[in-house]
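Q: Please find one structure pasted underneath; my questions will follow.
The values are calculated or read from the model by the stated rules, or taken from the named source; none is laboratory data. The structure presented is a predicted model; accordingly, all values stated were derived computationally and were not measured. Cβ coordinates were reconstructed from backbone atoms using ideal geometry, including for glycine residues, and neighbour counts include every protein chain displayed.
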Amino acid sequence: MASPYRSDDLHPGDPADSAAAPEDANNSDDVLLYDAYDFDDKAPPTLRLRVAPWDVISTVVLLTLLVVLATATNWPFKLFGFLEEVCTGERCGPVPYGIDMYIYPVVWGGIGAAVAAAGIGPFVSLLKGWYMSFWPVLSLAILMVCSVAGDFITIFSQPYWR
C-alpha cells in the first residue's frame, strides 16, 4: 500500500528497507506544514524593462521613416506596381501548378507580416529585454522580399495569360 510519507531509501522497491508509516499520523513533528514560508510576506514580482536610450530613439526614428515611406511617397507603387499586370477573371490562361493564385496571398501576407513585425515586435522586445531597433528593419526586409516574390510569380505567369 502506498504511504503518504517520504521514504529516504535509494531503492524504493526493496522490501527489506521499506519504512512503515508512523503510528500517530497526527503528531505535529512528523507532518510537514507549509506555514514555514508565507507567500504574503513577499511583494509580487515587478516587471523590469531593460531599455537603452539609443535603442528607443532609433526604433522611433525608423518606424517614423517607414510610415512616411509608406504614406507620403510613391514607394508602395514602385514595390507593388506589378499588381496592375496581374490577370484576374475568366480570360486568363492556365498557369502551371496554379502558381498565379499565390500572387495576392504572398503580397498581402507579406504586408501583414511587416505591419505585425513593426507594430508588435518592439513590445515583444521590451518584455524579453532584446534590442528593439531591428524590428523596423525586419519589417522593411519582409516588404521587399514579398514584393520581389510577387513580381517573380507575375513575370513567370505573364506568358501563360496571353
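Q: Pick from 115, 86, 107: which is among the β-branched types (Val, Ile, Thr), in contact (Cβ under 8 Å) with a residue 12 or more places away in the chain and closer than 17 Å to residue 64 by Cα?
A: Just one listed residue meets the conditions, 115.
Q: Can you tell me which of 125, 147 is polar (S, T, N, Q), within 16 Å of the chain's Cα centre (by Cα), crowded, with 18+ Cβ neighbours inside 10 Å and farther than 22 Å from residue 162 by Cα?
A: Numbers: 147 fails: within 16 Å of the chain's Cα centre (by Cα).
One residue alone meets the criteria, 125.
Q: Please pick out the residue among 149, 117 that is over 20 Å from residue 63 (Cα atoms) and among the hydrophobic types (A, V, I, L, M, F, W, C).
A: Checking each option against the conditions leaves just 149.
Q: Restricting to region 92-122, name every residue that is closer than 14 Å to residue 156 by Cα and not aromatic (Phe, Trp, Tyr).
A: 92, 93, 94, 95, 96, 98, 99, 100, 101, 103
Q: Also, I was wondering about something else. Please give the number of the condition residue 129 fails out of (1) touching a helix residue (DSSP H, G or I) at 6+ places or on another chain (Cβ under 9 Å); (2) on the phi > 0 side of the Ramachandran plot.
A: (1)
Q: So, one more: Which of the following residues is modelled with pLDDT of 80 or more, in contact with a Ser or Thr (Cβ under 8 Å, 6 or more places away or on another chain) and among the aromatic types (Phe, Trp, Tyr): 82, 77?
A: 82
Q: From the list 46, 71, which residue is surrounded by fewer than 10 Cβ atoms within 10 Å (Cβ to Cβ), more than 30 Å from residue 162 (Cβ to Cβ), at pLDDT 80 or above and not charged (D, E, K, R)?
A: That would be 71, the only listed residue that is surrounded by fewer than 10 Cβ atoms within 10 Å (Cβ to Cβ), more than 30 Å from residue 162 (Cβ to Cβ), at pLDDT 80 or above and not charged (D, E, K, R).
Q: In this structure, is residue 89 surrounded by fewer than 16 Cβ atoms within 10 Å (Cβ to Cβ) and at pLDDT 95 or above?
A: On the way: surrounded by fewer than 16 Cβ atoms within 10 Å (Cβ to Cβ): yes; at pLDDT 95 or above: no.
Spelling it out, it is not the case that residue 89 is surrounded by fewer than 16 Cβ atoms within 10 Å (Cβ to Cβ) and at pLDDT 95 or above.
Q: Does residue 129 qualify as being small (Gly, Ala, Ser) and touching a Ser or Thr at 6+ places or on another chain (Cβ under 9 Å)?
A: Considered against the rule, which asks whether it is small (Gly, Ala, Ser) and touching a Ser or Thr at 6+ places or on another chain (Cβ under 9 Å), residue 129 comes out as no.
Q: Next question, about the same structure. Hey, among 104, 97, 160, which residue is part of a helix (DSSP H, G or I), of a type outside the set (Val, Ile, Thr), under 21 Å from residue 78 (Cβ atoms) and modelled with pLDDT under 95?
A: Just one listed residue meets the conditions, 104.
Q: Which one is farthest from residue 162 (Cα to Cα) among residues in region 100-120 that are of a type in the set (A, V, I, L, M) and either in contact with a His (Cβ under 9 Å, 6 or more places away or on another chain) or surrounded by fewer than 14 Cβ atoms within 10 Å (Cβ to Cβ) (or both)?
A: Within region 100-120, the match that is farthest from residue 162 (Cα to Cα) is 120.
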